[in-house]
1. Please give the number of the condition residue 18 fails out of (1) out of contact with any strand residue (DSSP E or B) (no Cβ under 9 Å at 6 or more places or on another chain); (2) at pLDDT 90 or above; (3) of a type in the set (Gly, Ala, Ser).
2. Those residues that are within 18 Å of residue 7 (Cα to Cα) and surrounded by 11 or more Cβ atoms within 10 Å (Cβ to Cβ), I need them from the stretch 21-52; list them, please.
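The values are calculated or read from the model by the stated rules, or taken from the named source; none is laboratory data. Note that the coordinates shown come from a computational prediction; the quantities given were computed from them, not determined experimentally. We place every Cβ from the backbone using ideal geometry, glycine too, and count neighbours over all the protein chains shown.
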Amino acid sequence: MSYIEEFKNKGVRLALFGLQPKVLNVFQILGLDQLLNISENKNRAIQQINEI
């Protein structure tokens, strides 16, 4: 996941939203939900990005 650190260093903000439950489950199993901003919808994703 080296690109995540590179994004942070460059000030790139990324949020994922609207993931299907099975996809979200895989992200959670892999621990990606701890590394990435994942939201239930677009409005919440925008809020999260603006809070960073």
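1. (1)
2. Of everything in the stretch 21-52, those that are within 18 Å of residue 7 (Cα to Cα) and surrounded by 11 or more Cβ atoms within 10 Å (Cβ to Cβ) turn out to be 32, 33, 35, 36, 37, 38, 45, 46, 48, 49.
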